[in-house]
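The values are calculated or read from the model by the stated rules, or taken from the named source; none is laboratory data. The model shown is predicted, which means the values in this text are computed figures rather than measured ones. Cβ coordinates were reconstructed from backbone atoms using ideal geometry, including for glycine residues, and neighbour counts include every protein chain displayed. SASA here: full protein model, heavy atoms, side chains in, ligands and nucleic acids out. Shrake-Rupley method; radii C 1.70, N 1.55, O 1.52, S 1.80 Å.
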Amino acid sequence: MMLNTIKVWSEKLALWLVSLLTILASIILMVLMLTVFVDVFGRYVFNLPIKGSNELISLLLAGMVFLSIPVITYRFEHIKVALLDDYLPDWFKTFMVFVSYFIMSYGLWSISGKIFIWAKRFATRNQITTFLELPMTWFAYLALVSCYLTILLLVLRVLHNKKETQKKAVL
């Protein structure tokens with residue numbers, strides 16, 4: 001009974017996190033599109049581009065990517081190459097999914113260690129972006145939290161025992 005309650009609450013937590021990250025990434029995407037539109041329109045119609053727009057667009061794009069990584073991972077919407085799937089037994093495919101989860105988790109854990117070192121360095125040196133003078137620490141911590149959330153959602157996915165759906169490519 002207790003294990004079932006934990007499973008239900010962990011599923012609710014995972015869905016809440018995925019929904020929140022999807023909404024935040026969507027908001028950033030809208031701001032990104034609006035920034036690009038206003039910058040291009042201002043540049044070609046009024047000869048007055050937004051100052052620092054290239055830097056802002058780069059930072060928004062990085063934020064959108066880092067907020068999307070946990071969502072894509074939880075929904076298992078990665079690019080998959082299924083050359084041998086028709087010839088392999090189901091137990092082996094399930095085993096390979098768990099192996100890929102382990103490899104992804106280990107890789108993200110290693111990357112997050114490096115990002116943490118960079119974030120500490122940015123914080124101690126008060127490093128800022130070139131034109132807009134935004135603190136670089138915020139973006140490093142966003143990447144760090146994104147890696148940790150991705151690992152958490154991978155673990156929750158294993159606990160929920162989600163079955164992978166293989167979608168056939170339509171050419």
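Between the amide H of residue 76 and any residue lying 5 or more places away or on another chain, no distance stays under 5 Å, with hydrogens modeled in the peptide plane.
Here's the list of aspartates and glutamates a cross-link from residue 51 could span, going by alpha-carbon distance under 20 Å and ignoring same-chain residues fewer than 8 apart: 39, 133.
Estimated at 0.36 nm per residue, the fully extended path between residue 90 and residue 8 surpasses their Cα-Cα distance by 26.9 nm. Taking amide H positions as modeled 1.01 Å from N, with prolines and chain starts lacking one, the residues under 5 Å from residue 134 and 5 or more places away or on another chain are 129.
Any idea what % of Cα-Cα pairs in segment 41-171 are farther than 19 Å?
On the way: 5334 of 8515 pairs.
Cα-Cα pairs of segment 41-171 separated by over 19 Å account for 63 percent.
Excluding ligands, DNA and RNA, the accessible surface per residue across the chain is 72 Å² with a 1.4 Å probe.
Across segment 51-58, coupling constants 3J(HN,Hα) worked out from phi with the 6.51/-1.76/1.60 Karplus curve, θ = phi - 60°, read 6, x, 5, 4, 5, 4, 5, 4 Hz, and Gly and Pro carry x. Here segment 1-139 has 73 percent of its accessible surface on carbon and sulfur atoms, given a 1.4 Å probe and all protein chains in place.
Could you state the angle between the C-alpha long axis of helix 2-45 and the longest principal axis of the C-alpha atoms of the chain, as a value from 0 to 90 degrees rounded to the nearest 10? With rounding to tens, the tilt is 30 degrees.
The angle between the Cα long axis of helix 136-160 and the main principal axis of the chain comes to about 20°, on a 0 to 90 degree scale. Each label was represented as a point 7 Å from its Cα along the Cα-to-Cβ direction; for residue 55 and residue 81 these points are 4.0 nm apart. Backbone N atoms of segment 40-80 closer than 12 Å to the 7 Å Cα→Cβ label point of residue 111 belong to residues 65-73.
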